[in-house]
Amino acid sequence: MVSNPPLTIVTGFLGSGKTTLLRALLERGADGRRVAMVVNEFGQVGLDGAALERAGAPVVELPGGCVCCEAGSDFLLAVEELRDYEPDQIVVEASGLAEPGGIIRRARGAGLALDAVVAVADAANLDEALAASPVAAWQLRSADLIVLSKVDLVAPAARAAAEARLRGLNPRAAVVPAAYGAVPAGLLFGPRPPGEEPEPAPGHGHGDGFAAVTWRSDAPLRRAALEAALAHLPATVYRAKGLVHCTDAPWPDELHLVCGRHALTAVRLREPAAPLNTLVLLGPGLDARAEALRAALDACADTPERAAGWRERYAALFA
C-alpha cells in the first residue's frame, strides 16, 4: 500500500483531450500502476468520470466548480476517499477552466506528494484556446510536460507552429505529440522538478465569463437533425460533450464538440441511461442563450411512432 500516493495533475483548456489521454492510459495498463482519479468538471453534470470508470479506474467526480478555488476542500476529501483503494498513483483531471497553480498550492499545503503537472494542448485549436481565456496560457506555463494532442488532425506545418508557440510559452517543459491520447505512462508519471510554484492567475475567478448550459431529454433523436443542430450552434459554444441516443442505432454515442468540430462515437453501456440524452455546452455568456440552445436540441426528437419502436429494441438490450 502506498500511504501517500503521489498526485499527477492533468490540466488543459476545454476540449484539449484530457479525458482521451487518461482513458488511453488506463486502456494501455498504466505500466502496471493502480491508478485512481479525481475528475473535476466546470458544469453541474459529471460526464468524464463515467468514461474513465468504464475504462477501469476508481473515480471521484467533482462537478460544478474548479478545484483551484470553489471545490478545493472537496478535492482534498476526494483524495482521502481514493486512498481507500490503495492506489499507486492518483491523477487529478482538472476542469478546463481551472488554474493549476491553485491546485498545486492546495496539494502542497495538505502535505500531499506531488508528481509532475501535465498540460494537454489541442494542436487543432491552440490559437482559439489561447484567445478564449487567459487561463489557457497559465495552464501551459505551469506544466512540467505538455502533451500536444490531436496531431493527426493538423498538417505538419501547423503542428510545427503549435510546438513553437508552446515552447515560447513554456521553454522548460518537454512537448510530446500524441494522437488519440497515446502517450507512454512513463512520460506522464514522474517527480515534479524543484523550483518556484506558479503565481496565481491574476483576476482568475469561477468560470472567467464562461457558462455551462445543461440539456437533458428522454426522447431518442433523429441523427440528421442532431447533426444539423450541432452545425448551427452559435460560435460562442466553445465546447460541448455528453451522451445521446439516436434512433438509427441501438447504442448511444458519446458526443464531443470543440470549436465547431464534433465527433460522435458509439459506446456500449452496462445499464440503460436515464435520461437518454445529456449534453453540457460551455462557452462565454451561454447562460443568456440557454433557452434557445435547449429548444434547438429538443427539436431533434424523432417522431413518437419511431421512438416507440426504438424503445422496445433498446429495452431488449438490457433484458
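Of the residues making up region 106-123, those that are out of contact with any Pro (no Cβ under 6 Å at 6 or more places or on another chain), among the small types (G, A, S) and in a loop (DSSP other than H, G, I, E, B) are A110, G111, A123.
Considered as a group, the residues in region 220-237 that are not in a helix (DSSP H, G or I) and not aliphatic (A, V, I, L, M) include one that is least open to solvent (accessible area, probe 1.4 Å), and that residue is P220. Of all the criteria given as (1) under 20 Å from the mean Cα position of the chain (by Cα); (2) part of a loop (DSSP other than H, G, I, E, B); (3) modelled with pLDDT of 95 or more, the one not satisfied by L269 is (3).
Assess whether I146 counts as being touching a residue at least 60 places away in the same chain (Cβ under 8 Å), among the β-branched types (V, I, T), open to solvent by less than 30 Å² (accessible area, probe 1.4 Å) and at negative phi. Answer is no for this residue.
May I ask you to verify whether A98 is assigned to a helix (DSSP H, G or I), under 30 Å from L286 (Cα atoms), in contact (Cβ under 8 Å) with a residue 24 or more places away in the chain and open to solvent by less than 10 Å² (accessible area, probe 1.4 Å)? The answer is no for A98. Apart from one condition, D84 fits all of (1) among the acidic types (D, E); (2) surrounded by fewer than 21 Cβ atoms within 10 Å (Cβ to Cβ); (3) over 14 Å from V38 (Cα atoms); the exception is (3). Taken across region 209-218, residues that are among the aliphatic types (A, V, I, L, M), at pLDDT 90 or above and touching a Lys or Arg at 6+ places or on another chain (Cβ under 8 Å) do occur, with at least one present.
The values are calculated or read from the model by the stated rules, or taken from the named source; none is laboratory data. Just so we're clear, the structure is a prediction, and the values are computed from it rather than from any experiment. Counting neighbours? That spans all protein chains shown, and the Cβs are built from the backbone with ideal geometry, glycine included. With ligands, DNA and RNA removed, areas are computed over all heavy atoms of the protein, side chains included. Shrake-Rupley method; radii C 1.70, N 1.55, O 1.52, S 1.80 Å.
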